[in-house]
Amino acid sequence: EDHAVANAPTLDALAQQVASCTRCAELAETRTQTVFGVGDPSARLCFIGEAPGAVEDRLGEPFVGRAGKLLTDIIEKGMRLRREDVYILNILKCRPPGNRDPAKEEAAECREYLDAQIAHVAPRLILAVGRIAAHELLDSDAPVGRLRGKEHDYRGIPLVVTYHPAYLLRSPSQKAKAWDDLRLALRCFRGVAA
């Protein structure tokens, strides 16, 4: 099963493999369902968050709670794109109990799925949304404040780090910085999409 993951012929086949995953026993036991990803399977822009929350676990779709509504506003009002035209996924495919931070081992167990999703979508730009996503994708433990504001590289794909919408809901004063991140992302996106 483990070796079939990276070779799944389609995103749908990969989603089926993820749906029956039990690599992290605790998460497999406590989840309602896996939360794979949503959007255009050949999107040029990918948003990657950390893990499903309670609403996402219930509905099976990433970023659908309050933070998800803000992310949708960021995509549609801030970037003038449609949510269905981007691809949205998380580092983890299962909700950690109590919405705790994903454990390093859990992220490592899910990594093959994440890498396969990115390979299938083949985006031209990745937006790492929040600390956990930034740390996992960039193999860094620097604060988001130090990682944002510049273009990074993720296996040949430009990557921009921004604050998680849940953080912006708690700290609205940081929204101006997030807007700067979006402008940087749009510049990178237009540069690579040309």
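The values are calculated or read from the model by the stated rules, or taken from the named source; none is laboratory data. Just so you know, these numbers come straight off a predicted model, no measurement behind them. Please note: Cβ atoms are built from the backbone with ideal geometry, for glycine as well, and neighbour counts cover all protein chains shown. Only protein heavy atoms, including side chains, enter the accessible area calculation; ligands, DNA and RNA are left aside. Shrake-Rupley method; radii C 1.70, N 1.55, O 1.52, S 1.80 Å.
A few comments on the model shown:
- Look at the alpha carbon pairs under 8 Å that are at least 6 residues apart: their mean separation over the length of region 47-117 gives a relative contact order of 40 percent.
- Semi-axis lengths, Å, region 1-63, gyration tensor of Cα atoms, sqrt of 5 times eigenvalues: 19, 18, 9
- Normalised alpha carbon radius of gyration of region 100-186 [divisor 2.2 N^0.38 Å]: 1.09
- Förster radius 22 Å - calculated FRET efficiency between Thr22 and Ala54 (Cβ-Cβ, nearest 0.05): 0.55
- A Stokes-Einstein calculation at 20 °C with viscosity 1.002 mPa s, built on the Kirkwood radius of the chain over Cα pairs, returns a diffusion coefficient of 129 µm²/s.
- Over the chain: helical MRE at 222 nm, DSSP H runs n ≥ 4 each giving -39500 (n - 2.57), nearest 500: -12500 deg cm²/dmol
- Cross-link partners of Lys175 among lysines, defined as those whose alpha carbon lies under 25 angstrom from its own and excluding same-chain residues fewer than eight positions apart: Lys69, Lys77, Lys150.
- Taking trypsin sites (Lys or Arg not before Pro) across region 83-116, the ones in a DSSP loop with at most 15 further Cβ atoms lying within 10 angstrom of their Cβ are Arg100.
- Cross-link reach is defined here as a Cα-Cα straight distance under 24 Å, omitting same-chain residues fewer than 8 places apart; for Lys104 the lysines meeting it are Lys93.
- In the complete set of protein chains, residue-level accessible area for Leu182 is approximately 10 Å², probe 1.4 angstrom.
- Inter-label distance for Ala142 and Ala176, nm, one decimal - labels placed 7 Å from Cα along Cα-to-Cβ: 2.3
- Region 1-68 and region 129-194: distance between their alpha carbon centers, rounded to Å: 21
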